[in-house]
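Undergrad: Once you've had a glance at the structure underneath, I'll fire off some questions.
The values are calculated or read from the model by the stated rules, or taken from the named source; none is laboratory data. As the structure is a computational prediction, the values presented were derived from the model and not from experiment. For neighbour counting, all protein chains shown are included, and Cβ atoms are generated from backbone atoms with ideal geometry for every residue, glycine included.
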Protein chains: 2
Amino acid sequence: MSGKRAAILDAATRVFLEYGYGAASMGTIAVAAGVSKQTVYSHFGSKDALFGAIVRERCDRLLQPIRIADDHGKNPTAVLTGIASRFVTLIMNPESRALFRAVVAESARFPELAEAFYRSGPALAVDNLAAYLGEVDARGALKVAKPVLSARLFFGMLRGDLHLRLLLGIGPEPSAREIDAMVDHAVETFLAAHRR
Amino acid sequence: MSGKRAAILDAATRVFLEYGYGAASMGTIAVAAGVSKQTVYSHFGSKDALFGAIVRERCDRLLQPIRIADDHGKNPTAVLTGIASRFVTLIMNPESRALFRAVVAESARFPELAEAFYRSGPALAVDNLAAYLGEVDARGALKVAKPVLSARLFFGMLRGDLHLRLLLGIGPEPSAREIDAMVDHAVETFLAAHRR
DNA sequence: GTCTATAGATCGATAGAC
DNA sequence: GTCTATCGATCTATAGAC
């Protein structure tokens, strides 16, 4: 197992996420990895396969924070704020944005990659939150009639306008204060709507 | 003024939005328009310029529904539901999705297009809703302390998980009933949170 | 396994006739 | 203005030496 394979994966990730699938060339990736083009083909077979490999690897790596179990012992405000903070931190991450852009851009050519992305990230986040919301509803802490719809709504609020601007590369990076204000506002709105 | 210019614009729109900027070729566009490649270059100069022309034209055309003035006479529930319905109908439109995908995918190469898209659509929608929310707050019908944040939250709720799935091309087209249920749930949640 | 060299195709853009 | 023909560059992928 040579270290060249890892070097190729690393270089391919950088080049694909920076330039996108179409504009990235196997030659550029080979140079960035410090190997010849043929070595890239020996390891990964084709451009499509290499793109698939780096997207899947990146999905697993980046989306891991939202998969970890939550401390359901605390009060709903603390739990929701924690979930929200981790989620916003994730989608604000420059690598996440680049990955998301690449997956969206090539979703027509690689539908199975788009689905893998969705399942390994957003779908799990919604499922986890919906389960938690059902739990607090049964416990009587909040009133959540439709946990899945409410969970989707919550993450929608958090993505909101910010995610859109970041995807489009518009304006300055939001400060930590802005992000906190946005998270707090979303949590407050959500709690106010589901107060028992 | 020949009809060929319109034919080129039309063909370019279809080809660019279907294949994306990189995968679309000037030759394909010329064939689709029924003219020679040189005629395309005579009219639009370069691939970049042609892409910019069709994106700007499409932004103006597609995003017009959310620019029209709202009937602020009715009760907040009706007004918000109307705004929400028009917004969701817009972002669900296949052409809007294709345009959005193309703009996001090329936002690094064409930042001014991304900004034009944002300004002519999402920014206006937020501004209009924020103005309305400030109005109903002053009138006492709702309690909206931060109109701009609340407006962003509202549109975020509406985009939500649905927009994400559609962008990624995942799953079946949602039915009108699902969309209505989502809109109603978002409006109810928003109103419950801002009840005076 | 890894390299150099290149095949084969396609692309954006242009030249020149009409 | 519109066409055909083509240039020069670049791309994916492969052949063959070591």
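Undergrad: Can you list residue pairs whose Cβ atoms sit under 6 Å apart, with the first residue in region B:160-186 being under 20 Å from B:A102 (Cα atoms) and the second being not in a helix (DSSP H, G or I)? Count only pairs 6 or more apart in sequence or on different chains.
TA: B:R165/B:G171; B:L168/A:S107; B:G169/A:S107
Undergrad: Restricting to region A:135-179, give me the number of residues that are surrounded by fewer than 12 Cβ atoms within 10 Å (Cβ to Cβ) and within 12 Å of chain B (Cβ to nearest Cβ).
TA: Count: 2.
Undergrad: May I ask you to list the residues in region A:78-89 that are over 13 Å from the mean Cα position of the chain (by Cα) and not small (G, A, S)?
TA: A:V79, A:L80, A:T81, A:I83
Undergrad: For A:A6, only one of the following conditions fails: (1) within 10 Å of DNA strand C (Cβ to nearest atom); (2) closer than 29 Å to B:A23 by Cα. What is its number?
TA: Failing condition for A:A6: (1).
Undergrad: Within region B:90-100, is even one residue over 11 Å from the mean Cα position of the chain (by Cα), in a helix (DSSP H, G or I) and not hydroxyl-bearing (S, T, Y)?
TA: No: region B:90-100 contains no residue that is over 11 Å from the mean Cα position of the chain (by Cα), in a helix (DSSP H, G or I) and not hydroxyl-bearing (S, T, Y).
Undergrad: Can you name the number of the only condition in (1) within 13 Å of A:V88 (Cα to Cα); (2) of a type outside the set (K, R); (3) at pLDDT below 95 that A:V183 fails?
TA: For A:V183, the failing item is (3).
Undergrad: Then there is this: Just for region B:102-134: of the residues that are aromatic (F, W, Y) and either within 19 Å of the chain's Cα centre (by Cα) or facing another protein chain (nearest Cβ under 10 Å) (or both), which one is surrounded by the most Cβ atoms within 10 Å (Cβ to Cβ)?
TA: So the residue we want is B:F117.
Undergrad: While we're here: In region B:1-87, which helices (runs of 4 or more DSSP H) lie fully inside it and hold 2 or more residues that are away from DNA strand D (no atom under 16 Å from the Cβ) and either within 14 Å of chain A (Cβ to nearest Cβ) or of a type in the set (A, V, I, L, M) (or both)?
TA: The qualifying helices (runs of 4 or more DSSP H) are B:3-23, B:47-62.
Undergrad: Restricted to region B:105-122, and to residues that are of a type in the set (A, V, I, L, M) and modelled with pLDDT of 95 or more, which residue is nearest to B:D48 (Cα to Cα)?
TA: Checking each candidate, the answer is B:L113.
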